[in-house]
Amino acid sequence: MEGNSTETRPQAANGASTNGSSTDKQTLYAVLQYLRKNNLKETETLLKKEANIQDDDVPKEQQSQNASEVSQALAAYKSEGDPSLYEDFYTNLKNFVEQSLDTYKGELAALLYPVFVQMYLELIYNGHEVAGQIFFIKFSQEQESYYEDDLIKLSTVSKKEHMQGNQLMESFRTSRFVIRMSRESYTQLKRYLQEKKQALLLNIIQERLFIDVYDGLPRTKQQIDVTSGGMSGEARREANKSKVLYGLLKEPDINISLDDDDDADGEDKDKPKKKKQKKDLLSMKKSKNDPNAPSNTRIPLPELKDTDKIEKANAYKEALKRVKITQENKPSICFYTLLNSYENTTSIEISEDSSILSAGFSDAVIKVWSTTPNKLRCMKTGVELDMIDKDVDDVLERMMDDRTASEYKTLCGHSGPVYSTSLSMDKNFLVSSSEDGTVRLWSLLTWSNLVCYKGHISPVWDVTFSPHGHYFASASHDRTARLWATDHYQPLRIFAGHLSDVDSIQFHPNSNYIATGSSDRTVRLWDVLGGNCVRILTGHKGAIHCLRFSPDGRYLASAGVDKTILLWDLANGTLVGQLKGHTGTIYSLSFSRDGSVLASGGMDNCVKLWQVSKVFNSQDSEGDLNVPANVDLNENYEFGSYQTKATPVLCTHFTRRNLLLASGPYTPS
Amino acid sequence: MAAPTKSTPKDAQVMASILKDMGVTDYEPRVINQMLEFTYRYVTDVLDDAKVYANHAGKKNIDTEDVKLAIQCKLDHSYTTPPPKDLLMEVAKHRNSQSLPLIKPYTGPKLPPDRYCLSSTNYKLKALKKPRLPVGLPASAYTLSSPKIITSGGVSKNQPLNLASMGGTSLSVVSKGVSMPTVTLVTKQGTSSSAAAMPMPTIRLTTTPSQSNPLKRKAEDDDYDKPS
């Protein structure tokens with residue numbers, strides 16, 4: 001670098017006005033900082049020599065950077081821009097968006113929120129607090145309503161020192177806000193930025209946002225609204241590209257005795273028809289290889305014990321007696337109300353065969369009830385077990401001590417409110433999660449606590465057993481979800497990636513995938529085999545408290561604070577349905593056994609039924625990633641709404657015969 | 001919920017406006033009291049810590065740096081924030097790289113190794129009769145006719161064990177030697193004075209008795225649990 005070029009540089013860099021050696025020196029320092037940042041050491045020393053700058057002349061801010069990565073990256077916010085210019089830039093951008101063609105307006109408007117946030121953060125970082133305040137107050141009201149919560153949190157960051165401890169700042173820094181834009185809108189934007197020479201804006205957009213350009217029609221405001229709401233924007237195309245094996249596992253061959261012994265059907269002419277039905281079902285079960293199904297050995301699964309086979313046979317028999325639910329033939333609902341719980345109940349769960357109901361309470365106990373006339377019994381002691389004959393058919397009955405039979409059992413052990421419980425398929429185990437950060441495994445034979453899994457240090461919001469047993473997964477405040485096996489005291493998989501606490505978790509029917517819903521308003525689908533995230537689904541405008549997979553594994557329903565239920569197609573990660581109607585947070589979802597009806601319940605004390613078969617049937621077999629969510633927002637799929645007196649609905653569950661069970665604590669205000 | 005009237009103290013009004021700023025609109029009126037109590041306690045704790053740091057640094061008055069340090073320490077101690085995302089991803093990557101372990105079939109309920117389970121007993125069994133086990137003692141004790149007992153009160157030589165004089169303290173006779181069992185005598189806090197009402201000490205033997213030690217004493221002489 002020669003002497004004359006150093007003098008021309010400041011003039012070129014200092015685009016705006018102002019003379020004076022101080023600003024020249026400042027820009028010189030800025031150049032030096034830039035060189036140092038990019039490790040151009042030789043150039044740096046040369047420049048220093050030429051411009052006669054000593055090392056200690058360079059502003060302290062650069063040198064006193066501590067090792068913390070956060071402050072280094074935050075220094076990227078440092079800009080020499082004049083604070084008053086920010087307002088002008090933002091207003092110009094707003095005007096540009098307003099004046100653009102209607103087709104592009106929706107997509108360009110999506111830019112306003114992230115640009116606003118980044119500009120505000122830059123102002124705060126560079127110490128222009130007053131200007132920042134004015135900027136914030138002026139423009140925050142105009143942002144979309146669903147970003148309100150984030151804006152409130154952002155408003156607490158009013159000084160530079162606040163930025164370092166704040167989690168939200170970190171997430172805004174690390175994950176670039178993603179905006180999906182069609183190519184045409186993108187060219188409009190580029191043209192605007194280049195024409196007006198808006199260096200600041202260009203800088204922000206290039207570094208802090210990620211614009212995912214796709215070839216296709218620009219989306220309307222309505223379509224964009226449907227999929228926006230995520231804390232860091234929408235999902236990139238690559239995030240949802242990998243193949244998801246959503247099919248069900250191949251069922252093993254089980255010899256089922258076809259004689260129906262418990263349902264005496266007197267009419268002879270019905271019997272031949274029934275037999276034909278059974279045969280059809282069986283032949284369907286010996287399914288051809290589903291290309292979308294994972295192999296049975298993709299993840300290690302426990303072998304089927306004899307008791308499991310008997311249970312499966314029972315399940316088939318029950319399935320035959322299943323009632324078909326249609327809009328004319330609505331299901332009967334049996335509601336279990338918990339009285340006298342005084343707002344203590346935190347979670348309710350019903351087992352798969354509908355015989356056991358377990359509830360977690362904020363005083364750290366778990367109560368388990370039997371919904372059938374069979375009472376809950378404890379297993380006999382070791383001494384007594386030795387004496388029974390093990391080869392008898394009803395050894396499982398003899399194993400239980402009738403003297404201990406009771407309608408409900410209490411499990412104590414946690415030291416904080418129990419936020420979630422889950423029962424295993426074989427009804428031997430119950431797993432519970434609590435605010436004390438532990439997950440506990442209980443035996444439903446001895447009614448005692450077997451294992452305490454310590455891994456999360458913060459409250460664990462949700463826990464669920466795998467449909468094949470042996471594995472269970474937990475979701476916690478520390479933004480991770482973990483996969484555990486009952487025989488390992490440490491987690492097998494850690495699913496990290498959410499920007500805020502993970503509120504709900506659910507296994508896919510084939511146990512190969514796990515879905516998590518978080519307070520960052522996204523739903524993620526994780527692969528159990530590798531622990532990687534295979535789908536990111538945005539669209540919720542509030543935290544997600546409930547997830548359910550459809551019985552065929554293809555679709556996922558999610559619901560939460562924003563009072564809408566969203567239906568997703570897992571094959572390509574697109575939104576296929578939006579169900580509005582609830583007036584309070586939704587805490588429970590349940591698909592009917594054939595996947596045609598969805599029942600939901602929540603804080604509005606209401607159980608609602610939705611005809612989702614209509615939604616699924618209107619989908620093509622192959623969706624297109626580029627085409628935005630083809631959601632029909634006008635049609636109403638709700639066909640039943642049942643109000644309780646003062647009982648929020650914390651659990652809904654379809655039995656094997658499609659009877660709907662629901663449960664909640666009676667909370668008179 | 002009810003907006004604080006002019007008569008509520010200034011602190012309460014400030015707290016109400018903080019809640020409003022943070023977007024909390026629906027809350028019971030007692031919440032303000034709870035928040036104020038918490039704030040008061042937190043601030044006094046921080047200032048106390050800051051005073052300690054200022055004293056340590058030899059300063060007379062509290063400085064902002066002292067307060068900052070106090071807040072930082074309190075944060076690390078009580079409020080554990082979730083780990084930063086980079087660390088989480090790192091840990092997750094490491095954990096997820098190990099393949100899922102295979103499941104051994106036909107092993108009954110699959111539980112972790114016993115020491116990670118809560119399935120062991122939470123009680124100890126008390127011996128009903130004195131164990132007829134040979135107990136070895138260090139060689140030095142064999143010059144005496146009775147075992148040497150080290151108590152809080154002093155050594156009593158040639159005196160049969162008189163637990164009554166112990167005054168209810170728990171004593172432990174630990175005799176260690178080559179392949180000898182350790183005998184721990186635990187006396188419960190007795191009903192003090194009367195020597196006659198002697199609580200039965202529980203004798204806990206931690207190793208199996210040895211057989212080959214020539215310095216063994218006969219069991220009949222080991223009347224530790226009987227008053228003399």
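Every number here is computed from the coordinates shown, using simple stated rules; none is lab data. Bear in mind that the values here come from a model prediction, so they are computed numbers and not experimental data. Methodologically, a virtual Cβ is constructed for each residue, glycine included, from the backbone with ideal geometry; neighbour enumeration extends over all protein chains shown.
Within 10 Å of each Cβ in peptide B:108-115, how many partner chain Cβ atoms are there on average? Round it to a whole number, please. Spell out each step's value before the answer.
Numbers: counts 0, 9, 8, 9, 11, 3, 0, 1.
Going residue by residue through B:108-115 and averaging, the value is 5.
Among A:MET603, B:MET22, which comes first, second and so on when ranked by fewest other beta-carbon atoms within 10 Å?
Working: A:MET603 19, B:MET22 12.
Least crowded to most crowded, the residues run B:MET22, A:MET603.
Over 32 Å between C-alpha atoms is what I'm after, so list which of A:LYS241/A:LYS330; A:LYS49/A:LYS196; A:LYS317/B:LYS104 land there.
On the way: A:LYS241/A:LYS330 39 Å; A:LYS49/A:LYS196 37 Å; A:LYS317/B:LYS104 30 Å.
Long pairs (Cα-Cα over 32 Å): A:LYS241/A:LYS330; A:LYS49/A:LYS196.
Counting other Cβ atoms within 10 Å, which trypsin sites (Lys or Arg not before Pro) in the range A:332-394 have at most 11 and lie in a DSSP loop? All intermediate terms of the calculation are to be shown ahead of the outcome.
On the way: sites: A:LYS367, A:LYS375, A:ARG377, A:LYS380, A:LYS390; in loops: A:LYS375, A:LYS380, A:LYS390.
Of the trypsin sites (Lys or Arg not before Pro), the ones in loops of the range A:332-394 whose Cβ has at most 11 other Cβ atoms within 10 Å are A:LYS390.
What residues have an amide H closer than 5 Å to that of A:CYS334, excluding those fewer than 5 places away on the same chain, when H is modeled at 1.01 Å from N in the peptide plane?
The answer is A:LEU660, A:LEU661, A:ALA662.
List the relative contact order of the range B:10-93 as a percent without decimals, with contacts defined as Cα pairs under 8 Å and 6+ residues apart. Can you show the working numbers first?
Values: 32 pairs, mean separation 16.9, N = 84.
Normalised by residue count, the contact order of the range B:10-93 is 20 percent.
Suppose R0 equals 41 Å; then what is the FRET efficiency for A:LYS49 and B:ASP86 from their Cβ-Cβ distance, rounded to the nearest 0.05?
0.60
Sorted from largest down, give the three principal axis spans of the alpha carbons of the range A:290-398, whole angstrom values.
49, 47, 31
For the cross-link pairs A:LYS94/A:LYS221; A:LYS243/B:LYS93; A:LYS580/A:LYS614; A:LYS375/A:LYS645; A:LYS305/B:LYS110; B:LYS20/B:LYS74, which exceed 18 Å when the distance is taken from alpha carbon to alpha carbon? Walk me through the numbers on the way to the answer.
Values: A:LYS94/A:LYS221 16 Å; A:LYS243/B:LYS93 21 Å; A:LYS580/A:LYS614 15 Å; A:LYS375/A:LYS645 29 Å; A:LYS305/B:LYS110 13 Å; B:LYS20/B:LYS74 26 Å.
As for pairs spanning more than 18 Å Cα to Cα, those are A:LYS243/B:LYS93; A:LYS375/A:LYS645; B:LYS20/B:LYS74.
Kindly put A:ASP478, A:ASP363 in sequence by how many other C-beta atoms sit within 10 Å of each C-beta, fewest to most.
On the way: A:ASP478 23, A:ASP363 14.
Ascending number of Cβ neighbours within 10 Å: A:ASP363, A:ASP478.
Inside 10 Å of the C-beta atoms of B:99-107, what's the mean count of C-beta atoms belonging to other chains?
On the way: counts 5, 14, 5, 2, 10, 4, 4, 2, 2.
Whole-number average of other-chain Cβ neighbours for B:99-107 is 5.
For A:482-488, what's the mean count of beta carbons from other chains sitting within 10 Å of each residue's beta carbon? Provide the component values of the computation, followed by the final result.
Working: counts 2, 3, 1, 5, 4, 11, 7.
Mean inter-chain Cβ contacts per residue within 10 Å come to 5.
Taking R0 as 56 Å, what's the FRET efficiency between A:LYS153 and A:CYS334 from their Cβ-Cβ distance, rounded to 0.05?
Numbers: r = 42 Å, r/R0 = 0.76.
It comes out at approximately 0.85.
Select from the range A:109-180 those GluC sites (Glu not before Pro) which occupy a DSSP coil region and have at most 12 other Cβ atoms within 10 Å, ordered by residue number. Mind dumping the intermediate values first?
Details: sites: A:GLU122, A:GLU129, A:GLU142, A:GLU144, A:GLU148, A:GLU161, A:GLU170; in loops: A:GLU142, A:GLU144.
Loop-located and lightly packed - A:GLU142.
Taking a ≥ b ≥ c as the square roots of the Cα gyration tensor eigenvalues, with a/c under 1.5 meaning rounded and otherwise prolate when a/b beats b/c, else oblate, which class fits the range B:79-126? Please list the in-between numbers first.
Working: a/c = 5.21, a/b = 1.51, b/c = 3.46.
The shape class here is oblate.
So which chymotrypsin sites (Phe, Trp or Tyr not before Pro) in the range B:5-93 pass both tests, a DSSP loop state and at most 12 other Cβ atoms within 10 Å of the Cβ?
Details: sites: B:TYR27, B:PHE38, B:TYR40, B:TYR42, B:TYR53, B:TYR79; in loops: B:TYR27, B:TYR79.
Hits after loop and neighbour filter: B:TYR79.
Kirkwood-based Rg over Rh for the range B:10-93 (C-alpha set), two decimals?
Details: Rg = 17.6 Å, Rh = 15.6 Å.
Taking Rh as the inverse mean 1/r over Cα pairs, Rg/Rh reads 1.12.
Quick one: putting +1 on the C-beta of Lys and Arg, -1 on the C-beta of Asp and Glu, what dipole do you get for the range A:361-479 around its Cα centre, in Debye to the nearest 20? Please report the intermediate quantities before stating the final value.
Numbers: 12 positive and 16 negative charges, 63 e Å.
It works out to roughly 300 debye.
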